[in-house]
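Structure first, commentary second.
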Amino acid sequence: MSVFTDISSTDCRTLLRNYEIGEYRHHQGLPGGVENSNFALATTQGHFIITLFERQPEYGARYTLAFMQRCRARGIPAPTVITTTNKTILSQLREKPVAICTHLEGAHVTTPKKYHCYEVGRTLALVHRVGSGKLGERPNPFDVDWRNRMVTQVNKYLDEYQLGILQEALQVIGPSTKSELLSGTIHADAFRDNILFTGKKLTGVVDFYYACHERFMLDLAVAINDWCSTDTGRLREKMQAAMLEGYASVRKPAEGESNAIPILLVESALRFWLSRLYDQHFTRTGTDIEVKPPEEFERCLRHRLKTLAK
């Protein structure tokens, strides 16, 4: 979450005229992330999150909000999308689409345990059950074409060693396996900062704004790389096993899906390494922007490649 377009108390009061969630008290920009502008909003009726869609077209915003609504309806602890007095899920603010959602209780996990990983895996499988339904298709914005553009953009910032890692990763990924693996709508960003826990209970799945039609196992690979890695990027095998066990308790992957995970771990690490490199060297303007360093994904990618080479 970040703030690229700041909003005033007057903006908030004007926006709230379209909703029945109380009178404005205060708001605050939320740092972190690189896509949308997000604000914590307090009204006389409670706490909410305002999301201003900076680059996502209205269709994409509606797609992700509709998916979030379906997940919520199926018992997954996703935020509730607040509808306007006209029963729509989007408004306009500063000539951009904007949504208001409920604020969820819980905290981000900084030091994951096996039970955290189990619950994340189980919840992702529930998300994929919802994603197997007819939701329309929003193509993955981080597809092969995007990857090729990023490689061209960041090449000049890489040293010889990094270029070697990049070329090895591209060779390992090779042709897309998308047609060979089951796919549907996925969350696509199940990092620790997008999952909330209260004690041992998973109480929140937030930031659905990368949701797209993709391979289910790629979604799982994104989560494994973040939740099951050491600070040096090494894979904690017992943590991965716990996440896979949680996933299989709801949806057992086909053999081909399970066999694809090691390569998808490389693909996931490369995707986030490239995007963080781009964010680092082509930072967008705004306030409270927090650009995560690409080094953590470089370390992760390096170790995933070593594992495959054994």
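Diffusion of region 212-310 by Stokes-Einstein, at 25 °C in a medium of 0.890 mPa s and with Rh set to the Kirkwood radius over alpha-carbon pairs, works out to 170 µm²/s. Please give the helix 295-309 orientation as an angle from the longest Cα principal axis of the chain, in degrees from 0 to 90, rounded to the nearest 10. For helix 295-309, the angle is close to 40 degrees. Can you tell me the 0 to 90 degree angle between the C-alpha axis of helix 114-131 and the longest principal axis of the chain, rounded to 10? Approximately 70 degrees, to the nearest 10.
Report the calculated FRET efficiency for Phe282 and Asn259 (r = Cβ-Cβ distance, R0 = 30 Å), to the nearest 0.05. It comes out at approximately 0.25. Subtracting the Cα-Cα distance of Leu182 and Thr85 from their residue separation scaled by 0.36 nm leaves 31.0 nm. With contacts defined as alpha carbon pairs under 8 Å and 6 or more residues apart, what's the relative contact order of the chain in percent? Averaging sequence separation for qualifying contacts and normalising by length gives 21 percent for the chain.
Using the empirical formula 2.2 N^0.38 Å as the baseline, the Cα radius of gyration of the chain reaches a ratio of 1.00. Rounded to the nearest 500, what is the chain's calculated 222 nm mean residue ellipticity when only DSSP H runs of at least 4 contribute -39500 (n - 2.57) each, over all residues? After summing the helix terms and dividing by the residues of the chain, the value is -14000 deg cm²/dmol.
Treating r as the C-beta distance of Glu20 and Glu105 and R0 as 25 Å, the FRET efficiency rounds to 0.65. Relative contact order of region 78-132, taken over Cα pairs closer than 8 Å and 6 or more residues apart, is 26 percent. Need one word for region 99-254: rounded, prolate or oblate. Basis is the Cα gyration tensor (sqrt eigenvalues a ≥ b ≥ c); a/c below 1.5 gives rounded, then a/b vs b/c decides. It comes out prolate by the Cα gyration axes.
Sequentially through region 85-95, phi angles give Karplus couplings (6.51, -1.76, 1.60; θ = phi - 60°) of 5, 9, 6, 10, 9, 10, 10, 10, 8, 6, 6 Hz, Gly and Pro residues having no value and appearing as x. Total lysine pairs in region 197-310 at Cα distances under 26 Å, for residues eight or more apart or on different chains: 8. When a/c reaches 1.5 or more, the comparison of a/b and b/c decides; with that in mind, is region 15-94 rounded, prolate or oblate per its Cα gyration tensor? Verdict is rounded for region 15-94.
Going by accessible surface with a 1.4 Å probe and the largest first, Lys113, Lys201 read Lys201, Lys113. A cut-off of 5 Å between modelled amide H atoms, ignoring neighbours fewer than 5 places along the same chain, links Arg236 with Ser229, Thr230.
Peptides 5-17, 206-218, 294-306, 255-267 ranked from most to least packed by the mean count of surrounding Cβ atoms within 10 Å: 206-218, 294-306, 255-267, 5-17. Contact order, relative form, for region 131-228: 34 percent (alpha carbon pairs under 8 Å, 6 or more residues apart, mean separation divided by residue count). Ranking of His281, His128 by solvent-accessible surface, largest first: His281, His128 (1.4 Å probe, protein heavy atoms only, all chains present). In a simple Cβ point-charge model (Lys, Arg +1; Asp, Glu -1; nothing else charged), the chain has a dipole of about 780 debye relative to its Cα centre.
The values are calculated or read from the model by the stated rules, or taken from the named source; none is laboratory data. Bear in mind the structure is a predicted one, so any value in this text is a computation, not a measurement. Here the Cβ is made from the backbone with ideal geometry for all residues, glycine too, and neighbour counts use every protein chain on show. Keep in mind that these areas ignore ligands, DNA and RNA; they rest on the heavy atoms of the full protein, side chains included. Shrake-Rupley method; radii C 1.70, N 1.55, O 1.52, S 1.80 Å.
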